Structure formats: C-alpha cells, structure tokens
Amino acid sequence: MALVEFAYNNIMHSSTQQTTLFVNHGLHPKFDIQSVNKVMNPTIEDQIMWLVDVQAQLISNLEKNANVI
C-alpha cells in the first residue's frame, strides 16, 4: 500500500501542475545514487522564501484552472 501512496503522491496533478510531495514538502524525491553525497542545508529564511514562492505559483496555477472551467 505504501508504494501505491508514494506513486500517487509523486504524479503531476492537473490543478496545481505539481506533485503532492513537492507541494507538501518542497522537494521531489530523488532516485539518483550520486545525489547521496550532495548535502544542501539552506538557511531557514531561504527555505521559507522558497516555499512562499512555490505557494504563489500553486495559487496562480489554481486560479488559471478555475478560469478555464
């Protein structure tokens, strides 16, 4: 069941144009073994600003889709 949930959360949704994992956690899961050695630790301020930008883009996508209906 966990694999099904992961698959659903990792598909692009038409209303937001993003995956559920990206919307909720701000990242896409990586399946690249080489990325294990790359550690990124942004400051909390940078992370918050980045998530604010993501939310603004999601709102924009939802408003565009609402106007289409």
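Read-outs: derived from the displayed coordinates by stated rules, not from any lab. None of these values were measured; they are calculated from a predicted model. Cβ sites come from the backbone with ideal geometry, for glycine too, and all protein chains shown count toward neighbours.
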Fill in the blank from the handout: Quick calc: nm separation of the 7 Å Cα→Cβ label points for residue 23 and residue 65 -> 0.6
Fill in the blank from the handout: Long-range amide H partners of residue 19, meaning residues 5 or more apart or on another chain whose placed amide H is closer than 5 Å, are 13
Problem - Ordering of 15-25, 55-65, 41-51 by packing [mean C-beta count within 10 Å, highest first] - result: 15-25, 55-65, 41-51
Practice task
Between residue 3 and residue 15, with labels modelled 7 Å along Cα→Cβ, what's the label distance in nm to one decimal, could you check?
Solution key: 2.9
